[in-house]
Amino acid sequence: QVDAFADRALVGNPAAVVPLEAWLPDALLLAIAIENNLSETAFLVPEGEGWRLRWFTPGGEVDLCGHATLATAHALLTEWGVDREELQFHTRSGALSVRRVDDGYQMDFPAQAPRPVPEELRAAAAEVTAGLGAVPELLLVSEDWIAIYPNEAAVAALRPDGGRLAEVGLRGVLASAPGERHDFVSRCFFPALGIPEDPVTGSAHCQLAPYWADRLGRSRLRARQISARGGELGCEHAGERVLLTGRAVTYLRGEIELP
């Protein structure tokens, strides 16, 4: 178990990383994720020159997860003796890579730039606002709903209704604003996946980084997710890709006893 986007244990976002020789049934993978009761459990199997990587929340498999990818790279490079400049992963979101850098690990992910709310989601947009409990300055969509607020205090003050946000049709809801000591801050809510609030969400920054890079006129940004545990990310918007940088630390090592 690794704390991702963290420079010490017990902060950042915890993820379990489970190496396999071959795939287990999906129902068993989900049962392990439920048993772990973390926002993500990553499973990996060697494939070609890299690994096939899959991510499960307690609510099911997801297409993209940043912090569990960071945790997987950390485990391979520091716990399991892999000695490579760059790691290659095959995923449901295509090819992803991770490499060591001075600030920890840098992940190369697809950019998912937000867009205006389409007509067919207008009714759901009203539910997003009601579920957040505060009207945003701007509401956008990508893989998630993205609610932009005027300042960090407004995002910190949100007390969302998880039941309402679980019914809004997309993966989750991201609330973001200019930061006081960072370029931008965010909080991320995924109640439909069994995650009321995620501590630090790498994949959310595939959506947030393009927005803030365009708004601020800079491709390189520093971000902080202001959850209770909190975590910091370096972001670089590079056209169709986003480079996300963070640190990680091992929290525990163990074995799973299967039935």
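The values are calculated or read from the model by the stated rules, or taken from the named source; none is laboratory data. Note that this is a predicted model, so its numbers are computed, not measured. When we count neighbours, we look across all protein chains shown, and the Cβ atoms used for this are built from the backbone with ideal geometry, even at glycine. SASA here: full protein model, heavy atoms, side chains in, ligands and nucleic acids out. Shrake-Rupley method; radii C 1.70, N 1.55, O 1.52, S 1.80 Å.
At a temperature of 20 °C and a viscosity of 1.002 mPa s, determine how fast segment 174-234 diffuses translationally according to Stokes-Einstein, using the Kirkwood radius over alpha-carbon pairs as Rh; express D in µm²/s, rounded to the nearest whole number. Mind dumping the intermediate values first?
Values: Rh = 11.7 Å.
D, rounded to a whole number, is 184 µm²/s.
Helix 205-216 and the long axis of the chain differ in direction by around 40°, with both axes built from C-alpha atoms. Computed from the alpha carbon atoms alone, the convex hull of segment 1-143 holds 160 Å³ per residue. A Cα-only calculation for segment 198-259 places Rg and Dmax at 15.3, 54 Å.
Carbon and sulfur together cover what percent of the accessible area of segment 1-46 at a 1.4 Å probe radius?
Numbers: 1150 of 2040 Å².
C and S fraction of accessible area: 56 percent.
Residues in the chain average 45 Å² of solvent-accessible surface per residue, probe 1.4 Å, ligands and nucleic acids excluded.
What does the convex hull of the alpha-carbon atoms of segment 1-71 project to on average, in nm²? Hull-based average projected area comes out at 4.9 nm².
Once you have the Kirkwood Rh of segment 120-204 from its Cα pairs, apply Stokes-Einstein at 25 °C and 0.890 mPa s and quote D in µm²/s.
Values: Rh = 12.6 Å.
D, rounded to a whole number, is 195 µm²/s.
Over the chain, what relative contact order in percent results from Cα pairs under 8 Å that are six or more residues apart? Working shown, then result.
Working: 601 pairs, mean separation 56.5, N = 259.
Value for the chain: 22 percent.
For segment 144-245, the Cα-based Rg and Dmax, in that order, read 12.9, 37 Å.
Taking 2.2 N^0.38 Å as the expected size of a compact globular protein, what ratio does the Cα radius of gyration of segment 70-189 give against it, to two decimals?
This ratio for segment 70-189 stands at 1.31.
The apolar share of the surface of segment 146-212, taken as the fraction of accessible area on carbon and sulfur atoms (1.4 Å probe, ligands and nucleic acids excluded), comes to 51 percent. Computed from the C-alpha gyration tensor, the three semi-axes of the ellipsoid equivalent to segment 92-156 are 30, 18, 9 Å, from longest to shortest. Note on Ala22 and Ala238: the extension gain reaches 74.3 nm, defined as 0.36 nm multiplied by sequence separation minus the Cα-Cα distance.
Both radii come from the Cα set of segment 26-109: Rg as radius of gyration, Rh as Kirkwood radius; their ratio Rg/Rh reads 0.96. Normalised Debye scattering of segment 35-84 at q = 0.20, 0.30, 0.32 Å⁻¹ gives log10 I(q)/I(0) of -0.71, -1.22, -1.28, counting only Cα atoms as equal scatterers and leaving out solvent.
In the chain, what is the volume of the convex hull around the alpha carbon atoms, normalised per residue and reported in Å³? The partial results should precede the final answer.
Working: hull volume 32.7 nm³, N = 259.
So the per-residue hull volume is 126 Å³.
Helix 66-78 and the long axis of the chain differ in direction by around 30°, with both axes built from C-alpha atoms. Shape analysis of segment 65-105 based on the Cα gyration tensor places the equivalent ellipsoid semi-axes at 16, 11, 10 Å, largest first. Each peptide in 64-73, 117-126, 85-94, 36-45 receives the mean, over its residues, of other Cβ atoms within 10 Å, and ordering these scores from highest gives 64-73, 36-45, 85-94, 117-126.
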